1. Going down the table (Lys156/Lys209; Lys135/Lys234; Lys201/Lys224; Lys135/Lys228), which pairs top 28 Å between alpha carbons?
2. For Ser34, Ser129, Ser186, what's the fewest-to-most ordering of other Cβ within 10 Å of each Cβ?
3. Let's test the formula: R0 of 22 Å, r as the Cβ-Cβ distance of Glu205 and Gln241. What FRET efficiency results, to the nearest 0.05?
4. What full-extension length gain, to one decimal in nm, is calculated for Arg108 and Glu45 as 0.36 nm per residue of separation minus the Cα-Cα distance?
Amino acid sequence: MEQPTQKEEPSKPKRPENELEEEGSRFSKEGKYSEAVEVYCELLERKVEEHGELAEECATAYFNYGRNLLLLGQTQFDILGGKLRRTVERKLTGQEASDSEDENLDARDTEENLELAWDILDTARVILSTKPERKLELADVYLSIGDLCLELENFKQSISDYEECLKIRQELLPPEDRRLAETHFSMGLAYQYSDEFAEAKTHWEKALKIFELIISKVKEDSQKDETKKENELKELNSISQELREKIEDLSSDGTMKNWLQQEKEKQPTTTIGFQSKSPTGPVKEMGVFSSKRKIETSPQAPPEKKVKSSS
């Protein structure tokens with residue numbers, strides 16, 4: 001008697017790539033970086049399969065996947081920071097910590113995400129470096145690699161990547177573009193954590209000047225709705241004031257290092273203008289001014305190429 005043949009499960013139809021792109025972008029803007037990583041991972045795998053690993057068509061997918069791996073790693077360090085600090089405190093006092101093994105596994109997984117982000121973003125850099133018509137995208141990649149190096153406390157490399165980003169943006173963007181202020185602030189942050197306070201102050205002053213220029217442009221815009229103009233000016237003035245306060249903090253030799261230590265010990269992200277990296281709230285499309293989290297990791301040479309989801 002013949003055995004009944006099992007019916008094969010119909011293969012799930014592939015979602016259109018533009019649908020994946022839209023969903024990944026939405027997740028990222030909402031701060032749902034784990035979901036964004038899953039979507040961009042699928043999209044990148046499809047692009048690589050269709051076009052090849054180093055094809056120009058894959059560059060944006062590499063960037064979006066790598067950027068969201070970085071954002072995911074940053075939010076995980078925000079969450080883990082308190083746990084890991086308590087683990088260290090318990091070890092110092094000789095207390096038992098039954099959950100420390102799980103915490104350390106979580107930390108290792110987060111570091112792996114950051115190392116993978118390094119590899120993925122560097123691949124995007126390699127592809128875009130040969131495409132002069134896509135230099136602004138290359139600048140975005142350099143900024144993200146700089147952010148990653150800052151996260152891994154390789155401040156010298158971080159400054160180098162931010163400089164490459166700034167060079168491109170200064171060449172192609174108008175002087176009142178907020179992306180220039182973003183780059184100057186990031187460079188100032190890297191110099192600050194390198195204890196090069198004069199350089200940090202210089203770049204933050206340049207960021208402030210850009211915001212002052214933006215404020216002037218907004219005030220002169222007679223076409224803009226008055227309510228929208230008022231709200232935008234309120235936001236810009238608030239950012240500028242907080243920047244002035246940070247510059248003043250860096251101007252006092254007597255309190256400079258104490259202030260720096262306090263900043264390093266802060267767990268929450270301090271946002272005063274650029275993209276919020278809150279793991280729960282929506283992303284504000286304005287860039288990020290953030291406090292640096294202290295982690296015990298240094299960047300390594302890019303590992304073997306791989307595409308991996310966050311699960």
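1. Numbers: Lys156/Lys209 25 Å; Lys135/Lys234 33 Å; Lys201/Lys224 33 Å; Lys135/Lys228 32 Å.
Check vs 28 Å cut-off fails for Lys135/Lys234; Lys201/Lys224; Lys135/Lys228.
2. Values: Ser34 18, Ser129 14, Ser186 27.
Listed from fewest to most nearby Cβ atoms, that is Ser129, Ser34, Ser186.
3. 0.95
4. Values: separation 63, 0.36 × 63 = 22.68 nm, distance 2.43 nm.
Taking Arg108 through Glu45 to full extension adds about 20.2 nm, to one decimal.
No lab work stands behind these numbers, since they all come straight from the coordinates. These numbers come from a predicted model, not from an experiment. A quick note on method: Cβ atoms are made from the backbone with ideal geometry, for glycine too, and the neighbour counts reach across all protein chains shown.
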